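Below: one structure, written as structure tokens.
The values are calculated or read from the model by the stated rules, or taken from the named source; none is laboratory data. Just so you know, these numbers come straight off a predicted model, no measurement behind them.
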Amino acid sequence: MTRCLTAAAILLGLAMTGGAAQAKGCIKGALIGGLAGHAAHHTFAGAAAGCAIGHHYANKKDKSQDQDRQAPAR
């Protein structure tokens, strides 16, 4: 239980830092991955993987939105 609380405190601290704009998708992914990893007794590995996947999907979404904006109107 203390591991879960420690992970939550670390994630909360990361969420409150000023660099959150560069970590778009990471916090949400880390929370979901941490919960899923906790069920499999790998909380920190799940949080790390969730952060990486969440960041990847946020970048993918931003890239597709940028392409939609640059597409010429017919």
Residue in region 2-20 that is small (Gly, Ala, Ser) and either at positive phi or at pLDDT 80 or above (or both) present: no
Top-ranked residue in region 21-74 [being within 14 Å of the chain's Cα centre (by Cα) and assigned to a loop (DSSP other than H, G, I, E, B); ranked as modelled with the highest pLDDT]: Gly25
